[in-house]
Structure formats: C-alpha cells, structure tokens
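Read the structure below first, then the notes.
Read-outs throughout are calculated quantities, based only on the coordinates presented, and are distinct from any laboratory measurement. What you are looking at is a predicted structure, and each value in this text was computed from that prediction instead of being measured. Glycine also receives a Cβ, built like all others from the backbone with ideal geometry; neighbour counts cover every protein chain displayed.
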Amino acid sequence: MNPSLQASLPGASPASDRSIAAWWQAAPLTLVFVVFFLVPLALILMVSFWDFNEYELLPDFTIKHYLAIFEGCSNTEDLCVTLRTYLSTFKFSFLVWLITLVIGFTVSYFLAFHVRSNGMQTLLFVLCTIPFWTSNVIRMISWVPLLGRNGLVNQSLMGAGLIDTPIEWLLFSDFSVVLAFVHLYTMFMIVPIFNSMMRIDRSLIEAANDSGASPWQTLWNVIVPLSRTGIIIGSIFVITIVMGDFVTIGVMGGQQIASIGKIIQVQTSYLQFPLAAANAVILLALVLMIIWALTRLVDIRKEL
C-alpha cells in the first residue's frame, strides 16, 4: 500500500499512535494516584460530614463538626482554642522555615561555590544526609540526655559555674520542639537549594564580579534570584511537614504543646473520626493555600 495513502487512513496517524501510547504509559501512575491519594481524600471529606456516637459512625450529612471546631471563636475578647492552636502551629512552621532556610542556604552556598572538588562536594553532601540514616524517633530521643534537667548541657554549665540550677526550658518546651524540627528537616531545604545553585551559570557570577559588584550584591542580585526555585520547593517541603507533624511535638513538647496534627491524632485515638476528619480537611485547605501562594512566586514547572 502506498505509504502516503496509509498515513491518510483514519486511525493511522503517527501523532495519534503516540498519544495513545502516552496515555497507556501514564495509566499505571494515574491509577496509583487515584487509588492511594484521591480516594482517601474523598473518604476523609465524606466522613467529616458524618455523625458518630460512642460505638459507631453514622452515615449522615451534618456540619456540626465544623461548627464545633470554631465554637467560641466569635468571642472578640479572647481567642478560641482552635485559633490558639492554629497560631501555635503557624508559629512553629514559621520559625522552623526561617531557621532551616538560613542554614540550608548557607550550607548549599558553601558546597556549591566554595568547594571546588566534585569529590569533596559529594563527600560533604553525604555527610549532611547522615541524620537520615536513623529513624526520626531515635533522632528526637537523642536530645533527651543532652537537654534534660540532669542532661549533659545542664551538667556542663553547672560544672563550669555558669549556672546554679538546671535550665528547665531546654527540654519539653517550644525551644526543644523547634530544635528537633530543625534537626529533622533541614535536609529538605538543603537538597533543592543546592540543586538550584549547582545549575547557576558561573559566567554570570564572573560577569557580576567584573562589573564591580560586591560579594553581597552578587549574592542578593544574582544567586538568590536564580536559587528561588529551590527555596520555594524547600519551603513547601518544610512547611507542609511541620504543619501536620504530631510525633515531634508530642515527644519534644512533653505532650504539653498543642498543634493541629496533635489534636487530630488525639481525636483519632478517641475514635472521633468525623471530628478528626473535619480538622484534617481544614488543615489540608490551609496547607493548599500556602502552597498555592508559594507557587505564585515562581513557575516551578517552567524552572525545572
């Protein structure tokens, strides 16, 4: 058959064949995404409108769980429990984001621009991943003998005569929670920023130096703008993880500090699944709004 005639037949277009092949290739990942992500989210949303008693879930449509979450928030004299808890969660997210951003940017800048050997870059980068060789719980517990009332830090300070009594706020406090978060999640900021910095054309930095720009001007006007994709990706990682974390706050806060993730975990343990689902939906909506706001700052798909 004439090739041109065959190409003109219906269903014989090469572009159509490639499109069908692309759909088949995407089908397995799409199925996994739907089954393990969209379906669970849809179930959580559905359960958030159900009722419950001490023994069972009652399939029904009610918004009383959402109303119960914000009960008392109309009082302008004092913040309700929900708003105080969200403010506490946002406080931890902001502090951890700021500290991990400073540390992550500094470490990435040093590895990318001050370490010339590729082998040494790889070695130092691997050293940064050492904390990930153990579980999060072990890394959190390792701070207890250091920061406790009779821990190494207090004993050293008392032995040096700098303090007379142990410092109480080193452990089971906001300080210990932020410290553990930074220890656990700084690597999530280092990796994307380092990846962005390694892709910067070094001739741009040389051009800035030849133009008489100071190191700080080069950093602020060249390196930071070209690293913003990594900064945004790292920020999304850190903020979303901290917003939903409850294990770190529970362990390092001595079960005394509230967060939205901790409230959801407690409600689940008491089998209050619709109430926990309603809290999860609100938290998810807030996290999605934060991610949307961050992605407005840079087109991540275009930059990658």
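In the elastic network of the chain, a GNM with C-alpha springs shorter than 10 Å, the most mobile of Val96, Val266, Val126 is Val126. Altogether, the Stokes-Einstein calculation at 37 °C and 0.692 mPa s, with the Kirkwood radius of the range 61-146 over Cα pairs as Rh, returns a diffusion coefficient of 188 µm²/s. Share of pairwise Cα-Cα distances greater than 32 Å in the chain is 49 percent (whole percent). Within the range 28-57, the chymotrypsin sites (Phe, Trp or Tyr not before Pro) that combine a DSSP coil assignment with at most 15 other C-beta atoms in a 10 angstrom radius are Tyr55. Shown for the chain: cysteine residues without a partner Cβ closer than 4.7 Å, namely Cys128.
Using r as the Cβ-Cβ distance of Thr62 and Gln256, and R0 as 30 Å, what FRET efficiency do you calculate, to the nearest 0.05?
0.40
Listed by Cβ neighbour count within 10 Å, with the fewest neighbours leading, Thr248, Thr268 appear as Thr268, Thr248. Long hydrophobic helices in the chain, taken as whole DSSP H segments with a C-alpha length of 20 Å or more on their own axis and mean Kyte-Doolittle hydropathy at least 1.6: 228-244, 273-296. Where is the GNM fluctuation largest for the chain (alpha-carbon springs, 10 angstrom cutoff): Pro166, Pro40, Pro28? Comparing Pro166, Pro40, Pro28 in the GNM, the peak value goes to Pro28. Taking a Cβ cut-off of under 14 Å around Val47, the surrounding Lys, Arg, Asp and Glu residues balance to a net charge of -2, with basic ones at +1 and acidic ones at -1. Sorting His183, His65, His114 from the fewest to the most surrounding beta carbons within 10 angstrom yields His114, His183, His65. Only DSSP H runs of four or more residues enter the estimate; each adds -39500 (n - 2.57), and after division by the residues of the chain the mean residue ellipticity at 222 nm equals -20500 deg cm²/dmol. By the count of other C-beta atoms within 10 Å, a proxy for reagent exposure, Leu31, Leu219 are ordered fewest to most as Leu31, Leu219. In plain terms, the chain from Ser117 to Leu29 could stretch by 27.8 nm, reckoned as 0.36 nm per residue minus the Cα-Cα distance.
Calculate, in nm to one decimal, what Thr134 and Ala160 gain on full extension: separation in residues at 0.36 nm each, minus their alpha carbon distance. Can you show the working numbers first?
Working: separation 26, 0.36 × 26 = 9.36 nm, distance 3.26 nm.
Separation in residues times 0.36 nm, less the Cα-Cα distance, equals 6.1 nm.
Report the Cα centroid-to-centroid distance between the range 225-253 and the range 18-85 in angstrom, as an integer. Between the Cα centre of the range 225-253 and that of the range 18-85, the gap is 22 Å.
Taking label positions 7 Å along the Cα-Cβ direction at both Arg84 and Trp169, the computed distance is 1.9 nm, reported to one decimal. In the range 79-303, taking the dipole from charged Cβ atoms about the Cα centre, the farthest positive-side position among Leu111, Val153, Val242 is held by Val242.
Of all the options Asp210, Asp201, Asp60, the one that moves most in a Gaussian network model of the chain with Cα springs shorter than 10 angstrom is Asp210. Remark on Phe52: its backbone amide H falls under 5 Å from those of Leu58, a criterion applied only to residues 5 or more positions apart or on other chains, H modelled at 1.01 Å from N.
Distance from the Cα centroid of the range 136-188 to that of the range 275-297 is 32 Å (rounded to whole angstrom).
Multiplying the residue separation of Ser19 and Asn150 by 0.36 nm and subtracting their alpha-carbon distance yields 40.5 nm.
The magnitude of the dipole of the chain, with charges of +1 and -1 set on the Cβ of Lys/Arg and Asp/Glu and taken from the Cα centre, is near 780 debye.
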